[in-house]
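Peer 1: The structure is given below, and queries will be raised subsequently.
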Amino acid sequence: MKSDTTWLPTTTDLDWIDATSGPPHPALLAIEAAAEPEDIPILDRASGRALAALAAGRRRIVEVGTAFGYSTLWMALAQPAGGTIVTIDPDRGRTDKARGWWREAGVADDRITVVSAPALAAFGADEPALRGPFDLAFIDALKPEYGAYLEAIVPRLAPGALVVADNVLWSGRVSGERPADPDDEGTSALRAFNESVLRDPRFAASILPVGDGLLVAGLR
C-alpha cells in the first residue's frame, strides 16, 4: 500500500524514469521524429518501455496495427534470439518505411512478417502467417474493432499467452474524467472492451495507467 494515498506520479517522476532508463535505440528516436510532423499515431515512449518488458521472453508475437513500426521495434529489440513478429496493417507506404527503421536497428527481415490487409479480413481469410500459436498479442488499431480483434486472436494463442491493448484510457474519456465527443465511437467501444476483458474468466487482466493506458491480460 502507498505510504501517501494522495500522491500521484507527476511529469517529474515520469521524466526521471525516462532519464534513468537511458535513451531508446536511435531507430526508435528516428521513428518518433518522423511520426510527429506527419501526425502518425505511435505508442507513447513509456508504454513502449512497458511493452518491451512484456515482450521479453516471448518468441512469437502478433501485432494488430503497424503504422511506422514503433511498437513493433520495441518488441523486436526485447525478444530473445530467433523471436518473430507478425504485424498487420493495410498501409504499405507506412510499413515500407517501418521496414527501413527495423533494418536500421539490426532486425533481420525474416524476423518480422507484414500482412498487408485490414486485420479482420486477414484473420477471416485464414492468412497462414496468422495461424499461431502466439505467446503475445498487441492490439493498437481501429478502436471500435478491438473486441473483434480479440476474439479472432484468442484461438491463435498459446497457453499462458499475453494480450496487450493500447489507448484503453483514451486520454481520460473512457473513465469520464474528460468529456467525449458524442460522435466518438472509440470511447464507447473501448469502455465496452475494457469491461468485457476485465471480467472475462479466460483472462487475468488489469489496466496499467501508463501512456494512454495499456490493458494487459494473461490467458489462464
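The values are calculated or read from the model by the stated rules, or taken from the named source; none is laboratory data. Keep in mind that this is a model prediction, so the values were computed, not measured. Please note: Cβ atoms are built from the backbone with ideal geometry, for glycine as well, and neighbour counts cover all protein chains shown. For accessibility, only protein heavy atoms count, side chains too; no ligands or nucleic acids. Shrake-Rupley method; radii C 1.70, N 1.55, O 1.52, S 1.80 Å.
Peer 1: Which of Phe193, Pro118, Val164 sits farthest toward the positive end of the charge dipole of the chain, with +1 on the Cβ of Lys and Arg and -1 on the Cβ of Asp and Glu?
Peer 2: The residue sitting most towards the positive pole is Val164.
Peer 1: Under unit Cβ charges (Lys, Arg +1; Asp, Glu -1), what dipole magnitude, rounded to 20 debye, does the stretch 46-145 have relative to its Cα centre?
Peer 2: 260
Peer 1: If I compute solvent accessible area with a 1.4 Å probe over the protein chains, what percent of it on the chain is carbon and sulfur?
Peer 2: 55
Peer 1: Still on this structure, please answer the following. Would you work out the charge dipole size for the stretch 101-166 about its Cα centre, treating the Cβ of every Lys and Arg as +1 and the Cβ of every Asp and Glu as -1, and quote it to the nearest 20 debye? Intermediate results must be reported in sequence, preceding the final value.
Peer 2: Numbers: 5 positive and 10 negative charges, 14 e Å.
With only Lys, Arg, Asp and Glu charged at Cβ, the dipole is about 60 debye.
Peer 1: Now a separate question. Explain nothing, just the number: dipole magnitude of the chain about its Cα centre with +1 on each Lys and Arg Cβ and -1 on each Asp and Glu Cβ, in debye rounded to the nearest 20.
Peer 2: 900
Peer 1: Okay, next question. Restricting to DSSP H runs of at least four residues, report the calculated mean residue ellipticity at 222 nm for the chain, -39500 (n - 2.57) per run over all residues, nearest 500 deg cm²/dmol.
Peer 2: -11500 deg cm²/dmol
Peer 1: Near the amide H of Ala161, under 5 Å away, which other amide H atoms are found, from residues 5 or more places off or on another chain, if H is placed in the peptide plane?
Peer 2: Leu219
Peer 1: Another one. What accessible area per residue comes out for the chain, rounded to a whole number of Å², with a 1.4 Å probe? Display every interim value, and only then the final one.
Peer 2: Values: 10980 Å² over 220 residues.
Value returned for the chain: 50 Å² of accessible area per residue.
Peer 1: Using +1 at the C-beta of Lys and Arg and -1 at the C-beta of Asp and Glu, which of Ala141, Ala56, Thr11 has the Cα lying farthest in the positive direction of the dipole of the chain?
Peer 2: Projecting each Cα onto the dipole axis, the largest value belongs to Ala56.
Peer 1: Ignoring ligands, DNA and RNA, how do Ser188, Ser175, Ser3, Ser47 rank by accessible area with a 1.4 Å probe, largest first?
Peer 2: The most accessible residue leads, giving Ser3, Ser175, Ser188, Ser47.
Peer 1: Restricting to the chain, what percent of DSSP beta bridges are antiparallel, rounded to 5?
Peer 2: Working: 11 of 29 bridges.
Counting only bridges with both partners in the chain, antiparallel ones make up about 40 percent.
Peer 1: Taking H as built 1.01 Å from N, whose amide H comes closer than 5 Å to the amide H of Ile85, not counting residues under 5 places away?
Peer 2: Ile61, Ile112, Thr113
Peer 1: Continuing with the same structure: Per-residue HN-Hα couplings for the stretch 179-189, Karplus 6.51 cos²θ - 1.76 cosθ + 1.60 at θ = phi - 60°, whole Hz, x for Gly and Pro?
Peer 2: Coupling constants for the stretch 179-189: x, 9, 5, x, 8, 7, 5, x, 4, 5, 5 Hz.
Peer 1: Add +1 for every Lys or Arg and -1 for every Asp or Glu among the other residues with Cβ under 14 Å from the Cβ of Ala98, and state the total.
Peer 2: -3
Peer 1: Sorting Leu215, Leu208, Leu14 by accessible area (1.4 Å probe), largest first, what list results?
Peer 2: Working: Leu215 0, Leu208 70, Leu14 100 Å².
Putting Leu215, Leu208, Leu14 in descending order of accessible area: Leu14, Leu208, Leu215.
Peer 1: Here's something else I'd like to know. Enumerate the amide H contacts of Phe203 below 5 Å, restricted to partners 5 or more residues apart or on another chain; note that Pro and chain-start residues carry no placed amide H.
Peer 2: Those qualifying (amide H under 5 Å, at least 5 residues apart or on another chain) are Arg220.
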